[in-house]
Each structure stands twice: as structure tokens, then as C-alpha cells.
Amino acid sequence: QVQLVQSGGGLAQVGGSLRLSCAASGRSASRRAMGWFRQAPGKEREFVSSWSGGMPYYAESVKGRFSISRDDAKITVYLQTNSLKPEDTAVYYCAAGRGFGSGTQLDQYSYWGQGTQVTVSS
């Protein structure tokens with residue numbers, strides 16, 4: 001089992017920034033890919049970013065605005081969100097992958113955090 005505890009998020013204005021954190025613990029947590037997904041009301045959960053196979057990956061919609069980083073000593077992954085837009089409003093979920101290189105596909109992630117709301121207001 002892998003446990004994920006999220007923190008951060010909240011309310012930001014258009015153009016603002018927020019930082020999300022996700023601390024992992026448990027079986028093989030340090031050897032798994034970790035990612036961020038989001039789900040807006042009435043929409044399916046979608047990929048945002050991941051640290052997989054030792055590399056960062058980003059959805060096109062956030063490329064250049066969001067940045068993912070990972071602290072292996074703390075088994076924590078961060079998502080720095082900049083230049084926020086109203087369409088970034090969603091519940092953001094941290095996830096741990098089935099393995100080291102889980103990539104960008106939702107079904108390759110086995111464990112999920114509790115979710116945190118990000119609201120971008122104009």
C-alpha cells in the first residue's frame with residue numbers, strides 16, 4: 001500500500017500562483033512514478049503532469065506554466081502552478097504509479113491522494 005497526503009491549493013486570481021504538495025509513504029513509494037491529475041465539475045479526470053522514469057511530463061494545456069519537481073529524500077512531489085487561468089479550476093489529485101515509468105495515462109496510476117481544490121477567479 002502507498003499512502004498519499006496532499007497539501008496546498010486554494011483560491012488564486014487569474015495570473016496567480018499556487019503550490020501543491022504530495023507526500024508519499026509505504027511500499028515502494030520511492031520507486032514509483034508520481035503524477036498530478038485534475039477533475040473539473042462535469043468533466044473526466046485528466047492528466048496534468050508526472051515525474052516518470054526520472055523525467056517530467058506535462059499536458060499541453062499547462063506546459064510552460066506548471067512545473068513538477070520531486071524530493072526523493074522526502075518522497076514528496078510538488079506542482080508549482082503559475083499564470084493560472086479560470087480553466088485550471090478543478091480538484092487536483094496526486095497519484096502514485098504502478099511502477100517507475102507509469103507515464104501519463106490515468107490507468108497506470110494505482111494510488112490516489114485525497115484531492116485538493118484549486119479555484120482561479122477573475
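The values are calculated or read from the model by the stated rules, or taken from the named source; none is laboratory data. Please read all numbers here as calculations on a predicted model, not as lab measurements. As a convention, Cβ positions derive from the backbone with ideal geometry for all residues, glycine included, and neighbour counts pool all protein chains shown. For the accessible areas, the whole protein counts, side chains as well, though only heavy atoms, and no ligand, DNA or RNA atoms are used. Shrake-Rupley method; radii C 1.70, N 1.55, O 1.52, S 1.80 Å.
For the stretch 1-88, list the strands (runs of 3 or more DSSP E) that sit wholly inside it and hold at least 2 residues that are touching a residue at least 40 places away in the same chain (Cβ under 8 Å); which are they?
Result: 2-8, 10-13, 18-26, 34-39, 46-52, 76-81.
Need the failing condition index for Gln117 against (1) free of Cβ contacts under 8 Å to residues at least 12 places away in the same chain; (2) surrounded by fewer than 13 Cβ atoms within 10 Å (Cβ to Cβ), just the number.
Just one mismatch for Gln117, condition (1).
So, Thr89, is that one buried (at least 17 other Cβ atoms within 10 Å of the Cβ), touching a Lys or Arg at 6+ places or on another chain (Cβ under 8 Å) and among the polar types (S, T, N, Q) or not?
For Thr89, the condition - buried (at least 17 other Cβ atoms within 10 Å of the Cβ), touching a Lys or Arg at 6+ places or on another chain (Cβ under 8 Å) and among the polar types (S, T, N, Q) - is not met.
Filter the stretch 17-53 down to residues that are charged (D, E, K, R) and modelled with pLDDT of 95 or more and give me whichever is least open to solvent (accessible area, probe 1.4 Å).
Only one residue tops the list, namely Arg38.
Open to solvent by less than 20 Å² (accessible area, probe 1.4 Å) and over 17 Å from Gly8 (Cα atoms): which single residue out of Tyr109, Tyr58 fits that description?
Just one listed residue meets the conditions, Tyr109.
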